[in-house]
Amino acid sequence: MLRVTRASINQAKQQWYVTAAEDDAARESDDEARHQAMGEALAEANERLLEKEVARSRLEAECRSLQQRVAEAEAAVAECERLKEENLEAWKAKYDLESTLSTMNAQLEGVQRERDGLAQDLEAMRRQMAIWQDRSAGDSDKSEREGKLLQEQLDARGAELAALRGHTTEVEADRDRAVQERQRAQQERAKAVEERDKAVAVIAQVASLQAALMEAQATVAAASAAAAEWKDNFLKERAVRRQLHEQLQVVRGNIRVMARVRPPQPCARSVINFPLEGLLTLQDPTSCRHREFEFDAVFGPDADQGRVFAEVLPLVRSCADGYNVCIFAYGQTGSGKTFTMQGPTEDPGINTRALQELFRIAAEEPDRTWSFSVAVLEIYNEAVHDLLALSSATGGSGAPGQDAVARCTRDVSALGAGELPPNMDRVQALLWRPVSTPDEVQDALREGSRARRTASTALNAVSSRSHALVSVKVRNMQEGRPVTTLMHLVDLAGSERIERSEVTGEQLKEAQAINKSLSALGDVISALQRRTPHIPFRNSKLTQVLQDSLCGSSKVMLVCNLSPEAISTQETLSSLNFASRAAQVELGPVKRVTADKQASSGGVAGASEGGGDARPSSACSSPTRGPSGLRTSRLGDRASPVPSVGGSPRPSGSFAKPARH
C-alpha cells in the first residue's frame, strides 16, 4: 500500500512538472506575442509620427516661404499705394500748372495777337492816311497804292491764319499726348489694383495654410501623444517582462549574455544600431535586411569599462556569497575581447575590477576570514600551459624555451563533469599565487599577460593566439567552516578567416587550432541548447577545461564582443548567432557551495582545500533521463525538469530570440 502511494505521489509530481512546463511555455508565448504586437504598433506609430513630422516640416517651410512672399507683397502694395498717391498728386499738380500755364499762354498769345493786330491796323491806317494826304499823286495812283496796301494786309492776315492753324495742330498733339499719359496712368492704376488683389488672395491663401498647419500640428501632437503613450506602455511592459525573465533565468540557470560593440574604425560606417535597451539590429549591406537580437544587456561604442563591469558586478557578489562563477568573452579577432577582460593599466577590464570588488567585499565583512589566490593559464595549439609557472621559469624576461614550456604544460582530467574525486583538480599542478592587495593582483595578471602568445595579423596588430583563463579561488569561513568558491575569467582567442587575416606558417597552425576549439565550443553550446544526451566536451581542450562551468555548477555569463564595420558583417552575425544559442541554454538552478559540498568540480581547478567529500551534482553529469523528461545524474541526484529529447527546446523568453528579417 505504501509503494502504491509513493508511485501516485511520483506520478503526480511528474504531471505537475509537465503542467508547469506547459504553463511556462504558454505564458512565454503570450508574452512574446504581446511583445511582437506592441513592437509592431510602436513601429507603426513611429512611422506615422515620422510622416507627420515630415509633413509638418514641409508645411512650415512653405508657410515661411509664403509669409515672406506675403510680407514682400504687402511691402510692394504699400510702396505702390504710396507711389500711386504721389503720382496722382504730381499729376494733379502738373495738370493744374499746365492748365494755368496754358491759360496764361493763351491769354498772352491773345493779347500779343491783339496787340500785333492793333499795331498792324494802326500802321495800315497810317499808311492809308499818308497815301490820301499825298497831294502830288492823283486819285488813281492813290487808289492803286491803297489796293497794294490792302493786299499786303490780306497776306499778313493769311500768314497769321496759317500760324494759328500750326499752333492748333501743336495743341491737338499736346492733347493727344495728355490722353495717352492718362490712359497709361489708368493702366498703371489697374495693374496696382491687380497686384493688390493678388496680395489679398495670397494673404487668404496664407491664412488657409496657417489653418491647415495648425490642424496638421494638432494631428501631429495627437499622434505624438499616442506614440508616446504606446512607447511608455511598451517600455513599462518590456521592463516588467525583462524583470520576470531575469527571475526565470535564475530559476532555470540560463547563461546570461551581454553584447559589447567596439567603436568603428576611422572612415568606416557602422552596420549595428541600438533601437532599445538590450536590443541591437544588424544591417546586412549585401541584402539591406535588418536582423534583431535581444540580450540581457547591450553596450554601444560609447560604453566605458565601468558600465560594462556594473553588469558583471552581481556575479562577483555571488562568488563572495558562495557560488561558482564563470565569465568568458567571445568574438572575432580584433573585436575587443582582451580590452574588455584585461584592459589597459589606466582603465582596467573585468579581471582587475572583479578582484578589486572581492577585496572591497572582504574589507566590508571583516567578521569572515578571507583569502584569495590566482592562477593563470592558456590553451595554445590544444595544449594547456601554466602562465605563472612559465613566467617564474623564465624569470619574467625573454621568450621561454621548449624545455620550460614542456615543464609548464599541464594535463586536463578526462573524467566527466561531476565525476572528479575529492581533492582532485580539473587541471593538475597549477601554480596558485596568493594575493591580498590590488598591486599583487596586477603583478600576477601582468606576468600571465606577458607570457601569453600574441602575434600581428592583417586584422589585429596584437592578436591573441591562445585562450587565456584567469581563475580566482575565494576562501572564507561560513558558520565556522571553510568554504571555497571559484571564479573563472576567460578571454577566448578570436575566430578569424584565413583569407582575411593572411596568416601563414606557425600562425596558420595557430589560427586552425583556435577555430577548431571555438567550433567545438559551438558544438557544446548547440548540444546544451538542444539538450542532447551526449555533450561533446572531449572534442577540444577548451571544452574539457570549461565543462564543469557549463554543467550547472556555476553562474555563467557570456560577453559577446562585436566589430561594427560592414566588412565584418558575416563574422559579427556568426558571433550573434552563437550568443543567441548560448542564451537559450538552461543549466538548471545553481546550488550554493557549502562547507560540506566544496567546489571540487567548479571549473579549471577544484577547491582541494576545504575537506568536502561530497561531489556536487551537475546538469551535464548524466546522459540518461528519467521518466517524463526528468534528467538524472549518475550519482543519483535529480535535476530540474526539462522537455524530452525529441522535443524542441523552448525559447528563453524574448532574450536572444532568433533574428527577425
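Between V179 and E72, the FRET efficiency estimated from the beta carbon spacing at R0 = 51 angstrom works out to 0.90. Listed by Cβ neighbour count within 10 Å, with the fewest neighbours leading, S580, S335, S574, S136 appear as S136, S574, S580, S335.
Please compute the length gained on full extension between A190 and R538, using 0.36 nm multiplied by the number of residues separating them and subtracting their Cα-Cα distance.
Numbers: separation 348, 0.36 × 348 = 125.28 nm, distance 10.01 nm.
Full extension of this stretch gives 115.3 nm more.
The translational diffusion coefficient of segment 177-305, from Stokes-Einstein at 10 °C and 1.306 mPa s with a Kirkwood hydrodynamic radius over alpha carbon pairs, comes to 74 µm²/s.
Taking the beta-carbon count within 10 Å as an exposure proxy, list F339, F293, F372 from fewest neighbours to most.
Exposure proxy ranking, most exposed first: F339, F372, F293.
At full extension, S574 and S140 could sit 141.6 nm farther apart than now, given 0.36 nm per residue minus the alpha carbon distance. Taking amide H as placed 1.01 Å from N in the peptide plane, the amide H of S373 sits under 5 Å from that of V435, K473, each at least 5 places away or on another chain.
Given a Förster radius of 41 Å and the C-beta distance between R407 and E365 as r, what FRET efficiency does 1/(1 + (r/R0)^6) yield to the nearest 0.05? Could you put the intermediate results ahead of the total?
Working: r = 39 Å, r/R0 = 0.96.
My answer for the efficiency is 0.55.
A simple spin-label model places pseudo-atoms 7 Å from Cα toward Cβ; at N87 and Q478 they are separated by 10.1 nm. Subtracting the Cα-Cα distance of L150 and S65 from their residue separation scaled by 0.36 nm leaves 22.2 nm. In this simple spin-label approximation, E114 and L276 carry label points 7 Å from Cα along the Cα→Cβ vector, and these lie 10.8 nm apart. If R₀ is 25 angstrom, what is the calculated FRET efficiency for the pair A159 and A130, using the beta carbon separation as r and rounding to 0.05? It comes to 0.60.
FYI, it's all coordinate maths here, none of it is from the lab. What you see is a predicted model; the values in this text were computed from it and never measured. Glycine gets a Cβ as well: all are built from the backbone with ideal geometry, and neighbour counts include every protein chain shown.
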